[in-house]
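**Q** Structure in structure tokens, see below.
Bear in mind these aren't lab numbers, they're just calculated from the coordinates by the rules spelled out. Since the model is a prediction, treat every value here as computed from it, not as a measurement. Glycine also receives a Cβ, built like all others from the backbone with ideal geometry; neighbour counts cover every protein chain displayed.
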Amino acid sequence: MADAIQVVKNDETRQFEVTLDGQTAFAEFRMVDHGMILPHTVVPEAFEGKGVGSALAKAALGYARDHDLKVIPLCPFIAGYIKKHPEWNDVVHETYRAQLGIGG
């Protein structure tokens with residue numbers, strides 16, 4: 001199902017969002033100088049196990065990569081996703097790499 005999930009970047013709410021059946025899952029973002037803070041992700045229980053959280057993480061991290069931004073993953077879900085998917089290590093801000101246990 002993850003491939004069919006459409007993630008929308010909503011600048012007004014400062015969230016990457018997925019809406020299904022009237023409910024919205026989201027990953028908040030805050031833009032900073034040459035970077036993006038990802039403080040919080042919410043996935044309603046009805047979405048769990050459907051790849052929605054992963055789709056949100058990929059969208060946020062992909063946006064950062066496409067725009068030469070470094071990510072500050074304060075959200076435990078996003079941080080955990082990066083730990084499991086080292087292909088995203090390059091977008092993590094240098095000061096947060098040690099916290100995630102990834103190399104420079």
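**Q** I'd like to check which helices (runs of 4 or more DSSP H) are fully inside the stretch 33-104 and have at least 3 residues that are in contact with a Phe, Trp or Tyr (Cβ under 9 Å, 6 or more places away or on another chain).
**A** Those helices (runs of 4 or more DSSP H) span 52-66, 76-84.
**Q** Can you name the residue in the stretch 7-62 that is among the aliphatic types (A, V, I, L, M), exposed (fewer than 15 other Cβ atoms within 10 Å of the Cβ) and farther than 25 Å from GLU94 by Cα and is also nearest to the chain's Cα centre (by Cα) among such residues? Working first, answer last.
**A** Narrowing the stretch 7-62 to residues among the aliphatic types (A, V, I, L, M): 7-8, 18, 20, 25, 27, 31-32, 36-38, 42-43, 46, 52, 55-57, 59-61.
Now narrow it down to the ones that are exposed (fewer than 15 other Cβ atoms within 10 Å of the Cβ): 8, 31-32, 46.
Remaining after also requiring farther than 25 Å from GLU94 by Cα: 8, 46.
Details: VAL8: 12, ALA46: 19 Å.
Filtering the stretch 7-62 for residues that are among the aliphatic types (A, V, I, L, M), exposed (fewer than 15 other Cβ atoms within 10 Å of the Cβ) and farther than 25 Å from GLU94 by Cα, the one nearest to the chain's Cα centre (by Cα) comes out as VAL8.
**Q** List pairs: first residue in the stretch 61-81 and in contact (Cβ under 8 Å) with a residue 12 or more places away in the chain, second residue among the charged types (D, E, K, R) and surrounded by fewer than 17 Cβ atoms within 10 Å (Cβ to Cβ) anywhere in the structure, Cβ distance under 7 angstrom, at least six positions apart or on different chains.
**A** Pairs that qualify, where the first residue is in contact (Cβ under 8 Å) with a residue 12 or more places away in the chain and the partner is among the charged types (D, E, K, R) and surrounded by fewer than 17 Cβ atoms within 10 Å (Cβ to Cβ), are TYR63/LYS9.
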